[in-house]
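Below you'll find the structure, written out as structure tokens, and then a few comments.
The values are calculated or read from the model by the stated rules, or taken from the named source; none is laboratory data. Predicted model, so just to flag it, every value in this text is computed and none were measured. We place every Cβ from the backbone using ideal geometry, glycine too, and count neighbours over all the protein chains shown.
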Amino acid sequence: MNKSESQYISLNDPAPEMFGKIMAMPDSAIVLLLTFATELPNSEIDKAEKRLDGSDNPKNLKEELAFELVRMYHGEKEAEKAKQEFNRVFSEKQLPGEIEEFKMGRGVMVLTDLLKKSGLASSASEAKRLIDQKAVRVNNQVISNWSHEVKKGDIVKVGPRKFVRTI
């Protein structure tokens with residue numbers, strides 16, 4: 001887990017975020033993380049390595065790794081919830097169970113302003129870059145217009161994990 005290579009997972013990350021970051025790790029990190037970041041016995045790690053070398057999908061092992069690490073730092077219940085949430089959002093392409101709300105104040109807001117004011121982007125320039133990179137969706141539609149008007153009740157998604165509902 002390397003912060004300079006955007007592979008950083010904080011022990012203080014919320015369970016769903018920690019689970020998602022682990023799932024985003026490259027497959028080559030699975031055995032290393034099992035070895036150095038978990039309390040699993042070597043026999044279990046050897047079995048996982050054989051599964052990885054065999055025909056098992058690395059996603060399955062990564063999911064087990066994510067579950068184990070989240071369980072270690074947040075408990076079994078939170079790990080199960082994080083796993084279910086991850087599968088709902090990424091495998092089933094549904095909305096997260098909980099979406100942060102952003103109070104717009106007025107009826108409509110320009111998308112770049114909303115991204116900046118809601119914290120989905122750190123600046124107007126970053127908001128424009130995200131839109132240009134087709135990383136922004138409003139109500140599941142990719143938006144390419146910086147001045148797109150967002151209305152109350154819209155759901156804005158940035159990248160794979162950031163959501164906000166306008167109120």
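Structure values in brief
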{"quantity": "Filtered residues of region 90-105 (kept if without any contact (Cβ under 8 Å) to a residue 24 or more places away in the chain and either crowded, with 19+ Cβ neighbours inside 10 Å or in contact with a helix residue (DSSP H, G or I) (Cβ under 8 Å, 6 or more places away or on another chain) (or both))", "calculated": "Q94, G97"}
{"quantity": "Members of region 106-117 found to be of a type outside the set (S, T, N, Q), touching a residue at least 24 places away in the same chain (Cβ under 8 Å) and not in a loop (DSSP other than H, G, I, E, B), listed by number", "calculated": "V108, M109, V110, L111, L114, L115"}
{"quantity": "Residue pairs meeting the criteria (Cβ under 8 Å; at least 6 apart or on separate chains; first farther than 16 Å from A29 by Cβ, in region 1-18; second at pLDDT 85 or above and among the polar types (S, T, N, Q))", "calculated": "none"}
{"quantity": "Pair list, Cβ < 7 Å and 6+ apart or interchain, from region 150-164 residues that are without any contact (Cβ under 8 Å) to a residue 40 or more places away in the chain to residues that are of a type in the set (A, V, I, L, M) and surrounded by fewer than 18 Cβ atoms within 10 Å (Cβ to Cβ)", "calculated": "G159/A135"}
{"quantity": "Selection status of E78, surrounded by fewer than 18 Cβ atoms within 10 Å (Cβ to Cβ), in a helix (DSSP H, G or I) and touching a residue at least 40 places away in the same chain (Cβ under 8 Å)", "calculated": "yes"}
{"quantity": "Positions within region 31-58 being surrounded by 12 or more Cβ atoms within 10 Å (Cβ to Cβ), part of a helix (DSSP H, G or I) and not hydrophobic (A, V, I, L, M, F, W, C), in sequence order", "calculated": "T35, E44, D46, K47, E49, R51, P58"}
{"quantity": "Filter result (among the basic types (K, R), out of contact with any Gly (no Cβ under 9 Å at 6 or more places or on another chain) and not in a strand (DSSP E or B)) within region 122-167", "calculated": "K128, R129, K134"}
{"quantity": "Residues of region 118-149 that turn out to be more than 17 Å from I99 (Cβ to Cβ) and free of Cβ contacts under 8 Å to residues at least 12 places away in the same chain, as a count", "calculated": "8"}
{"quantity": "Residue within region 93-103 that is among the aliphatic types (A, V, I, L, M) and in contact with an Asp or Glu (Cβ under 9 Å, 6 or more places away or on another chain) present", "calculated": "no"}
{"quantity": "Residues within region 138-167 that are touching a strand residue (DSSP E or B) at 6+ places or on another chain (Cβ under 7 Å), among the basic types (K, R) and closer than 19 Å to K128 by Cβ, tallied", "calculated": "1"}
{"quantity": "Index of the failed condition, L69 passing every other in (1) in the same structural domain as I9 (by TED's automatic domain parsing); (2) free of Cβ contacts under 8 Å to residues at least 40 places away in the same chain; (3) among the aliphatic types (A, V, I, L, M)", "calculated": "(2)"}
{"quantity": "The lone exception for S125 - which of (1) in contact with a Pro (Cβ under 8 Å, 6 or more places away or on another chain); (2) not assigned by TED's automatic domain parsing to the domain that holds N60 it fails", "calculated": "(1)"}
